[in-house]
Each structure stands twice: as C-alpha cells, then as structure tokens.
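The values are calculated or read from the model by the stated rules, or taken from the named source; none is laboratory data. This is a predicted model, so every value here is computed, not measured. All Cβ positions, even for glycine, are placed from backbone atoms using ideal geometry, and neighbour counts span all protein chains on display. Surface accessibility is based on the protein's heavy atoms, side chains included, excluding ligands, DNA and RNA. Shrake-Rupley method; radii C 1.70, N 1.55, O 1.52, S 1.80 Å.
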Amino acid sequence: MAMASFARRKAFFFSRNASHSSPMDVLKFTFSRCFASSGSDENDVVIIGGGPGGYVAAIKAAQLGLKTTCIEKRGTLGGTCLNVGCIPSKALLHSSHMYHEAKHAFANHGVKFSSVEVDLPAMMAQKDTAVANLTRGIEGLFKKNKVNYVKGYGKLISPSEVSVDTIDGGNTIVKGKNIIIATGSDVKSLPGITIDEKRIISSTGALALSEIPKKLVVIGAGYIGLEMGSVWGRLGSEITVVEFAPDIVPTMDAEVRKQFQRSLEKQGMKFMLKTKVVGVDTSGDGVKLTLEPAAGGDRTTLEADVVLVSAGRTPFTSGLGLEKLGVETDKLGRILVNDRFATNVPGIYAIGDIIPGPMLAHKAEEDGVACVEFLAGKTGHVDYDKVPGVVYTHPEVASVGKTEEQVKALGVAYRVGKFPFLANSRAKAIDDAEGIVKILAEKETDKILGVHIMAPNAGELIHEAAIALQYDASSEDIARVCHAHPTMSEALKEAAMATYDKPIHI
C-alpha cells in the first residue's frame, strides 16, 4: 500500500508538469517567470485590502515580477486577522492559559506559588506588542519585495482604476491592468442589538476589555465565541453561551463536538442551545437579555456585565463601487468568481472572505497566491475541501476533510479509526491527556476522507493529516510512517492503524 502511494505521488508530480520535458525544464520555466518584468509604468496588479489575502497576494505578485500596489484603509497591514482577530486572540488565549495552568495545574508538577494574580494591563501590552511587531514585519516584506503601499480607502471607479481617499486626507488614483478585491469581512450584527464596544462588544472589543467582567454572555457558539469565552473564563468571568442552533460549532464532526462541549462545560462554561435573543436592555448598570426558545415558547431573562456578539462574519464590500461596475454578488453579499478568481467584469478579481468558501485567514492566503499565479501565466489552485480548521481553546479542536455526517450523506462506504490521548504516553507524561484522534477512510481504497483531532496542540498535529489528504494518502500510509516516541503525533499514527487494521496501544 505504501509503495503504491509513492507511485501515485510520483505520477501526480509529473502529470502536473506534463508540458515540460524534464524537471530541469520545470526549474528553467519557474526561474524565467519569477524574474520577468512588466516593463510598464502602470501597475500589473492593484490589490484593495492588506489583510492575509491581500498582503500575501501582493508579495507573491511582486515575486513573480508583476508591478504591484496594495491599498489598505486601516493604516496597518495584516487586516482583521493580525490587528483585531487571529493574532491578538491567540496572544490572549496563550496568556490566559498560562495563568490558568499556574493557578490550577502547576502544583501537580511540583511548582508552587504563594499566590497567583492577573495583571491585565501587562497581558494586553504583550498582545499589543506582538501585533505591532508583526504589522511592521509585513511592511518590511513590502519594502523587500518592492510592493507599493498606499494607506487609504480604495473605491473602484473603472475596471482599471481605484480612487483612494488617503488617511492623510488626500485623494489619489491608482491604475492597474488587474484589480484584486481582498477587503475581507466584518462582524455580523444581530437585529435589535447595537454594539458599543463597552457593554455590548464584538470580538474586537473582547480583545480590549479594561477589566475582567464578572458575568460574560456570548451570543454564538462558533470558533470566535468559544475562544474569547475561554479567555475571559480562565481569567475569572462566569461564561454563558447562547446559541440559536442545537449544537456548538455546527461544522464540526458530531462525535468530536460532543466531547468538546463536555470539556468546555467541565471548565465552567455554560451553554443555552436552541435559544434566541429577542431583546436587550442596557438601561441599568449591566445588560439584561430577553431569551426565547428557538422553536418559540416562554421567555426568560439573563443578566450580564458584558455581552459578546459573536454570530459570525459578513463580507465587507461597503463603498467599493461594485454596483456601479456591475460586479455580481450572491444573496449573502459575496462576490461571485470563477475558478481563476475572476469576476464577471474583465480585469477585476476577488479573493478571501468576500467570495464563497471558508472564512479563514489561511484560505485567503492560498486564494491570493493562486490568483496572482494565474495573472502571471502560471497555474494556481485551492481545494476548499482540504482547508484545515482550528478552534484554539484548550484542548484545541482541529479538522481537515469531511465529517462523518458528510461522508454518510455522500453514501460512501467508509471505516472509522479512533485513538484516545489517554492512551498516548506523551500526553500522560505531561498530564494533559484529554482528547481523541478520529480518522475516516474510504472502505474500498483506504483513502483518507477526513481527520478530526481534539487535543493540546491539535492545530499543529492536523497538518500531517492535511498533507495526507492533499496527496490522496491512505490510512495505512500514515500508519507505516515512523513517528518519534514519545510524541502526541503517535496518537494520529495509532488512529490510522485502527482505521485499516488494529492499533497497538489500546
């Protein structure tokens, strides 16, 4: 099986490069493309948006020899992800986890303190420092790769022109042969709820609270809500999550999701599922929510010091001039593109959160690279079915490929292999053994269809599975790879063994 898989991958490599007579020809082609020059004063590519999709597309375009300008309204690069999303939230998740471990777990390892306390300003300062250093780092990459950077709000005025209201109060016109829209997404609002970023906050406000709320209600049990609930729960807040759907993180594999919810409940997080918010009263010192069962019924009230609205995100297309140029969008406001990221208007492209597909920073990055590769005469591709997703709580939950429910819906005969971290030697040694690895594979061919991991550092462990799916590997392929001992990764190997045969250590 393993040898057959190697043959498949060898054939895959040469089939992708079938137009070249030899590997040396491939290298020659790549070298010539990367150092080609446009030879024009007009931009080859203009990118509106400097988030993960936009700034990565800009750097890659410049590396491919295209004259490139990136326009960003925020004044700092990195978009929502770096400034008020992925990066600052992970900084606070790590800091709050360290505090929680020091308070509740260090003594078990023989490390004792007379007292442990939270210095919230210092915690926020560490988060802000990380963000500032990374945004400056992207500006440095722009300079290194000769990407022109314009700070301001860009608006399309033609398929080849962008009017920019600069942050210093001026206006300039940026021209380009190709324009890529990469403006990302914004917080989705809920009817009747006004976000003031003080008592009713978005994820942005949740990253900048000046004190720890006694009671925090989170509206929405998705990735962001659970992560930010974890941060403030660890620091001492009483967390209640209100969710309209019957389950948390509805895109997650159901079996793993149930274990995940039990884990969060053990940490003190309370859930009110199949519940909707029908009223908000901020007339007092706190916030009073009026709740009702999703299917209708008697109303109840829930009080909080702070309410976090985390009901998802919506494409940010406001003020871009899409309607004037006739750029097509769907009913959710997403820009419609073909498999080369082109809109219905020649010369205008779109990537990231503003087009259909997972609303994830790394997906936007891959979109950006593939889009500019097409513009440079190369071939790009992003398989949205193989984009990993991670919830950065503790334990983390990561997945790639299909859930068991999706496989069943397809009518595919399949096998399941599972392995608990309670049977993993490294996890037991560090006293952090809550979690499981679950693998789904096609019964006839053993091809891996999906992998789901709940564990410490699941977000790191998932990428071995992502590579396996990318190259159509079998569960036996993973099982026969020698994994270092003792490591958490061995749980993935054992789950793979359980999928096609039998595990050793359970």
Mean separation of Cα contacts under 8 Å (6+ apart) over length of the range 145-204, as relative contact order %: 19
For the chain, accessible area per residue (1.4 Å probe, heavy atoms of protein chains only), Å²: 48
Formal net charge of residues neighbouring ILE193 (Cβ-Cβ distance under 12 Å; K, R +1; D, E -1): +1
For SER114 and LYS266, extending 7 Å from Cα along the Cα-Cβ vector and measuring point to point gives, in nm, a value of 3.4
Could you order the peptides 436-445, 407-416, 204-213 from most to least packed, using the average number of other C-beta atoms within 10 Å per residue? 436-445, 204-213, 407-416
Modelled FRET efficiency - R0 30 Å, ARG136 with GLU42, Cβ distances, 0.05 increments: 0.55
Extension gain from LYS386 to ASP247, taking 0.36 nm per residue of separation minus the Cα-Cα distance: 47.7 nm
DSSP-loop trypsin sites (Lys or Arg not before Pro) across the range 64-166, with at most 12 other Cβ within 10 angstrom: LYS112, LYS146
When you count, for each residue, the other Cβ atoms within 10 Å and take the mean per peptide, how do 220-226, 83-89 rank with the highest first? 220-226, 83-89
Note on the range 115-252, DSSP bridge orientation, antiparallel percent to nearest 5 equals 70
I'd like the accessible area for ASP119: 1.4 Å probe, protein heavy atoms, all chains in place, Å² to the nearest 10. 90
Quick check: from the Cα gyration tensor, does the chain come out rounded (a/c under 1.5), prolate or oblate? oblate
Where labels lie 7 Å past Cα in the beta-carbon direction, separation of SER158 and LYS90 in nm: 4.2
Probe 1.4 Å, all chains present, heavy atoms only: ASP165 accessible area in Å², nearest 10, is 90
Please state the relative contact order of the range 395-506 as a whole percent: Cα pairs under 8 Å, 6+ residues apart? 33
Percent accessible area from carbon and sulfur atoms, the chain, protein chains only, probe 1.4 Å: 53
Quick one: compute the contact order of the chain, relative version, from alpha carbon pairs under 8 angstrom and 6+ residues apart, as a percent. 14
Computed [θ] at 222 nm, deg cm²/dmol, the chain (DSSP H ≥ 4; -39,500 (n - 2.57); rounded to nearest 500): -11000 deg cm²/dmol
How big is the antiparallel share of DSSP beta bridges in the range 236-293, given as a percent to the nearest 5? 65
Give the calculated FRET efficiency between LEU422 and LEU273 to the nearest 0.05, with a Förster radius of 22 Å applied to their Cβ-Cβ distance. 0.20
DSSP bridge pairs, the chain: antiparallel proportion in percent, nearest 5: 60
Computed ³J(HN,Hα) along the range 284-294: with the Karplus parameters 6.51/-1.76/1.60, θ = phi - 60°, integer Hz and x for glycine or proline, the list is x, 6, x, 10, 10, 9, 9, 10, 8, x, 4
What's the local net charge at ALA294, with K and R +1, D and E -1, over the other residues with C-beta under 15 Å away? -1
Could you check the simple spin-label distance between ASP196 and PHE106, using points 7 Å along Cα→Cβ, in nm with one decimal? 3.8
Counting other Cβ atoms within 10 Å of each Cβ, which trypsin sites (Lys or Arg not before Pro) in the range 214-261 have at most 16 and sit in a DSSP loop? LYS214
Looking at the range 290-359, which GluC sites (Glu not before Pro) are in a loop (DSSP not H, G, I, E or B) and have at most 16 other Cβ atoms within 10 Å? GLU328
Would you please give the FRET efficiency between THR300 and LYS214, computed as 1/(1 + (r/R0)^6) with r the Cβ-Cβ distance and R0 = 22 Å, to the nearest 0.05? 0.65
Accessible surface ranking that places the most exposed of CYS482, CYS70 first, with a 1.4 angstrom probe: CYS482, CYS70
